[in-house]
Each structure stands twice: as C-alpha cells, then as structure tokens.
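Enquirer: One structure follows; several queries about it will come next.
The values are calculated or read from the model by the stated rules, or taken from the named source; none is laboratory data. Since we're looking at a predicted model, the values are computed, not measured. Glycine also receives a Cβ, built like all others from the backbone with ideal geometry; neighbour counts cover every protein chain displayed. For accessibility, only protein heavy atoms count, side chains too; no ligands or nucleic acids. Shrake-Rupley method; radii C 1.70, N 1.55, O 1.52, S 1.80 Å.
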Amino acid sequence: MDFPFDLNALFPERVSVLDNNLTAGQKAPGRPDPQIQIATVIDELGKASAKAQQLPAPITSAAKLQANRHHLYLLKDGEQNGGKAVIVGFLKVGCKKLFLLDQQGAHVETEPLCVLDFYIIETLQRHGYGLELFDFMLKHKRVEPGQMAYDRPSPKFLSFLDKHYDLKNSVPQVNNFVVFSGFFKSRSAAQ
Ligand code: ACO
C-alpha cells in the first residue's frame, strides 16, 4: 500500500511500534506534523483489514489506537515505490480482561495479551511477511504464541498459527476469543 508521502521519512525502521501517541520517529524540522500522516496510514490499513475479513466496520483506526493501550506493529518495505517505501501490513495487540473456560469447563478470569487485528496486503500474503511481523511482536512482548488469546481469528490466521507455531487444539469458549490447549498450563506454571 503506497501513500503520497515519504513513508521512509515517517517510519525510519522496517518495523515500527506505534501506541496511543501515534509517533514512530523524531519530528523533522520544517516537515508537516507526522501524526496526521500516520493517522492516514492507520485508517487506510484498518479499512483494508476490515474489508479482507468482511467486517461491517474497521476495528483498527487512529482514533481507536489513541483511545486504548494497544500496540500496533507496522511493517514497511523501504525499497519499493521508487524508494518512498510501501506498507506491507500490520499487527495490533493489547491486554484484555477475559472470562475463559479451561479444559474442564471452569471459568477462569484472565488478562492475556490478545491479537486484535492482523493484516498483510493481499498481493503480499503468503510471502512470509506475516511471520516476520508476528515474530517481531513475540520478541518485543517476550511472549509465546500459546500464552496469547486471539480475537475472532479468521481461517487464514488459524492456518497461519497451525503452520508456524503448531497451535491446533483450541479450547472451546463462549465468546469470540480463541485460546489453545497450552494456555491454561502456562498460566498455572506462572502462578
Ligand atoms: N489461505 C489459507 N491460508 C493462508 C492464506 C490463504 N490465502 N494466506 C496465508 N495463510 C496462512 C497459511 O498457513 C500459509 O501457509 P501456506 O502458504 O503454506 O499454506 C501461511 O499463512 C503463510 O504465512 P505468512 O506468509 O507468514 O503469512 P501472511 O504474510 O500471508 O500473513 C495473514 C498471514 C495476516 C493471516 C494474512 O494472510 C492476511 O492478512 N489475511 C487476511 C486478513 C486476515 O484474515 N487477518 C486475520 C484476522 S483475525 C485477527 O486478527 C485476530
């Protein structure tokens, strides 16, 4: 996804970590406020992700990111678009208080790190970019995929989790979140 401004100037790193401040680098003197351009990028990605998942409305927008304690990881390819870069995709995570059912069907109150939105541009899917972004997030958050909860994962994402992280057996829930069989084991070991 390209934009009519220099993404390499806006996002100096290959993966940028954005939070409610909507900043990714230093504000350069004489340049327009980067927050407005960053907000444009997030809003367009949020719309594209919603369309790809056939959601009625985006779950990711600049306004929502500003209002929550979420982290959004943004991946660019700095060489494309005549050196102005393209955005490859994004991954949004955040902690949520959840009531989940363990393998015995007992209610457990948890507050895991959740994957809330994940999108790679259509033409760039199945090239390993999703894995690059996901692995970056795992290292940044120091978390294992089995310790996380997944908000309404799409079939493509479930296939991704199975292929790359061997996550297959989900524990049935009554909400939209998916957790896998090791989730409750790793929790009790940590307590
Ligand atoms: N059909 C089935 N599985 C797919 C597809 C597809 N079209 N695309 C990716 N995958 C899965 C497969 O397991 C694939 O392995 P394979 O090619 O050997 O079958 C694997 O992902 C490929 O891994 P990557 O190349 O690292 O993944 P990618 O860069 O495509 O990113 C993602 C994965 C984010 C799910 C991407 O396909 C995408 O954006 N899909 C559309 C939006 C979406 O469904 N997002 C998840 C929403 S749910 C949530 O966020 C909680």
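Enquirer: Straight-line reach from residue 139: which aspartates and glutamates fall under 13 Å, measuring Cα to Cα and dropping same-chain residues less than 8 apart?
Expert: Qualifying aspartates and glutamates at Cα under 13 Å: none.
Enquirer: Evaluate the relative contact order of the stretch 7-190 (contact order divided by residue number), counting alpha-carbon pairs under 8 angstrom at least 6 apart; express in whole percent.
Expert: 17 percent
Enquirer: Residue 141: which lysines have alpha carbons under 17 Å from its alpha carbon, excluding same-chain residues fewer than 8 sequence positions away?
Expert: Correct list for residue 141: 92, 96.
Enquirer: Given R₀ = 25 Å, what would the calculated FRET efficiency be for residue 79 paired with residue 159, taking r from the Cβ atoms and rounding to 0.05?
Expert: Calculated value: 0.30.
Enquirer: Continuing with the same structure: Percent of accessible area on the stretch 7-190 owned by carbon and sulfur, 1.4 Å probe? Don't skip to the end; give the middle numbers.
Expert: Details: 4970 of 10040 Å².
The C+S portion of the solvent-accessible surface of the stretch 7-190 is 49 percent.
Enquirer: Related question: Round to the nearest 10 and give me the degree value, 0 to 90, for the angle of helix 129-141's Cα axis relative to the longest principal axis of the chain.
Expert: That helix lies at roughly 70 degrees to the long axis.
Enquirer: Enter the angle in degrees (range 0 to 90, nearest 10) between the Cα long axis of helix 155-165 and the first principal axis of the Cα atoms of the chain, meaning the one along which they spread out most.
Expert: 80 degrees
Enquirer: On to the next question. With the other protein chains left in place, how much accessible area per residue, in square angstrom, belongs to the chain at a 1.4 angstrom probe?
Expert: Accessible surface, normalised per residue, equals 55 Å².
Enquirer: Looking at the square roots a ≥ b ≥ c of the eigenvalues of the Cα gyration tensor of the stretch 122-187, which shape do they give, rounded for a/c under 1.5, prolate if a/b is larger than b/c, or oblate? Mind dumping the intermediate values first?
Expert: Working: a/c = 2.10, a/b = 1.36, b/c = 1.55.
Oblate, since a/c reaches 1.5 and b/c is not below a/b.
Enquirer: So how far apart, in nm, are the two label points at residue 123 and residue 111 if each is 7 Å from Cα heading toward Cβ?
Expert: Each label point is offset 7 Å from its Cα along the Cβ direction, giving 4.4 nm.
Enquirer: Something else: For 140, 107, 70, give me the order by solvent-accessible area with a 1.4 Å probe, most accessible first, ignoring ligands, DNA and RNA.
Expert: The ranking, largest first, comes out as 107, 140, 70.
Enquirer: What is the spin-label model distance, in nm, from residue 33 to residue 66 if the labels are put 7 Å beyond Cα along the C-beta direction?
Expert: The modelled label-to-label distance comes out at 0.8 nm.
Enquirer: In addition: Rounded to the nearest 500, what is the chain's calculated 222 nm mean residue ellipticity when only DSSP H runs of at least 4 contribute -39500 (n - 2.57) each, over all residues?
Expert: Numbers: 6 runs with 62 residues, N = 191.
Here the helix-only value at 222 nm equals -9500 deg cm²/dmol.
Enquirer: Helix 34-52 versus the longest principal axis of the chain: what is the Cα-based angle in degrees, 0 to 90, to the nearest 10?
Expert: That works out to roughly 50 degrees.
Enquirer: With all protein chains present, calculate the accessible area of residue 141 using a 1.4 Å probe and round the result to the nearest 10 Å².
Expert: Accessible area of residue 141: about 60 Å².
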